[in-house]
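These notes concern the structure reproduced below.
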Amino acid sequence: MQPDNDDSSRGRTLITGVIGADTHIVGNRILSMALEEAGYDVVALGALTPAEDFIKAAIETAADGIMVSSLYGQGELDCRGFRALCVEAGLDRILLYVGGNLVVGKQDWAGVETRFLAMGFDRAFPPGTRTDEVIAALRRDFAARAEGRQRAET
């Protein structure tokens, strides 16, 4: 069950999609539907989405956040330089989330998360993260931004 809509989602636009050569769309679609149910305006780009297309969509829609999925293990490669592309496009403060099977093989999640945070993502979610956890994090992070912080403490 998804949380009821609240003021933190009203009027906020989020871009979702599966980055790179990844065709695994089911989880991303479930997330997009949950975000819509929670009151967010969602622009779902689908699978096989180049980084530049996320940024173009964010500019065109004045999006508040970009949510990148990757399930084929190449997310670390596909997401390198993502924040820099955002900055170049004038999206310095856009909220960036990433999640899924982001790396090849079994790796300690804490290390994977640290690498993605260092790449400029505000949050990185491991495989199997529930949609309500993502929505709760969004609400906390948007509230933190209203207070002048980049994101809420974990």
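Values in this text are rule-based calculations from the coordinates and carry no lab data. Being a predicted model, the structure only gives us computed values, none of them experimental. All Cβ positions, glycine included, derive from the backbone under ideal geometry; neighbour counts span all protein chains shown.
Scanning segment 97-145 for residues that are more than 25 Å from Met33 (Cα to Cα) and among the small types (Gly, Ala, Ser) turns up Gly105, Ala110, Gly111, Ala118, Gly120. The residue of segment 73-120 that is farthest from Arg145 (Cα to Cα), among those that are out of contact with any helix residue (DSSP H, G or I) (no Cβ under 9 Å at 6 or more places or on another chain) and of a type in the set (Asp, Glu), is Asp108.
Gly105 meets each of the listed conditions (1) part of a helix (DSSP H, G or I); (2) at positive phi apart from (1).
A quick yes/no check of all residues on (1) closer than 22 Å to Ile25 by Cα; (2) surrounded by fewer than 17 Cβ atoms within 10 Å (Cβ to Cβ); (3) out of contact with any strand residue (DSSP E or B) (no Cβ under 6 Å at 6 or more places or on another chain):
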{"residue": "Val98", "(1), (2), (3)": "yes, no, no"}
{"residue": "Val103", "(1), (2), (3)": "yes, no, yes"}
{"residue": "Phe116", "(1), (2), (3)": "yes, no, no"}
{"residue": "Phe125", "(1), (2), (3)": "yes, no, no"}
{"residue": "Arg130", "(1), (2), (3)": "yes, yes, yes"}
{"residue": "Val134", "(1), (2), (3)": "yes, no, yes"}
{"residue": "Gly148", "(1), (2), (3)": "no, yes, yes"}
